[in-house]
1. Take every DSSP beta bridge whose two residues both sit in the chain, then give the antiparallel share in percent to the nearest 5.
2. If each of ASN3 and GLU109 carries a label point 7 Å out from its Cα toward its Cβ, how far apart are those two points in nm?
3. Using a basic spin-label model with each label point 7 Å from the Cα along Cα→Cβ, how many nm lie between LYS11 and ASN98?
4. Note down the nm distance, to one decimal, between modelled labels 7 Å out along Cα→Cβ at LYS35 and at ASP22.
5. Per DSSP helix of 4 or more residues, -39500 (n - 2.57); summed, then divided by the residues of the chain. What does that give at 222 nm, rounded to the nearest 500?
6. For a test of understanding, tell me how many lysine pairs in the chain have Cα atoms under 29 Å apart, given they are 8 or more places apart or on different chains.
7. Return the whole-Å distance between the Cα centroid of segment 60-89 and the Cα centroid of segment 32-57.
8. Take the Cα coordinates of segment 1-81, assign each an equal point scatterer, and use the Debye formula without solvent to give log10 I(q)/I(0) at q = 0.13, 0.19, 0.26 Å⁻¹.
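FYI, it's all coordinate maths here, none of it is from the lab. No experiment lies behind these values; they were computed from the predicted model shown. Don't worry about glycine lacking a Cβ; one is built from the backbone with ideal geometry, like all the others, and counts go over all protein chains shown.
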Amino acid sequence: MSNVPLLELKKLIARAYAPYSDFKVAVIIRDRNGKVANGVNVENASYGLTSCAERNAVFSFVANGLEKPAELFLYTETEAFTAPCGACRQVLMEFDPNLPIVMINRDGEEKRVGIRELVPMPFGPEDLDDAK
């Protein structure tokens, strides 16, 4: 699929709310039909209530009736590539254990990984079945 939506990500990141860390993140998730949902990180003075861009994008994806994500684009204005945090990795695994992640840095360079590379031993629905 691909075609990185870099211009859209750069516009989207301006909406991030990161007054405490000043670390803004923008995410676009594309489904197999080319429809998209997006998200930015939203911080809170009570840090535990902060919500990551990846999870906000996933929740928007679901709320908008989209199914089967095809790829996720994650943009930060850093030199290094930024991977999703552990909580976001777990949430992403729920929706597609083979989801391609495209990390994009401020220079527009890309690094592609599969979510399975980031979560080698995930907890999933099959683990719940084993408990029954």
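1. Restricted to the chain, the bridges split so that about 80 percent are antiparallel.
2. About 2.6 nm, to one decimal.
3. My value for the distance between the label points is 3.3 nm.
4. Label-label distance for LYS35 and ASP22, simple model: 4.0 nm.
5. Dividing the helical sum by the residues of the chain leaves -8000 deg cm²/dmol.
6. 15
7. Cα centres, segment 60-89 to segment 32-57: 8 Å.
8. Per q value, in the given order, log10 I(q)/I(0) is -0.39, -0.78, -1.23.
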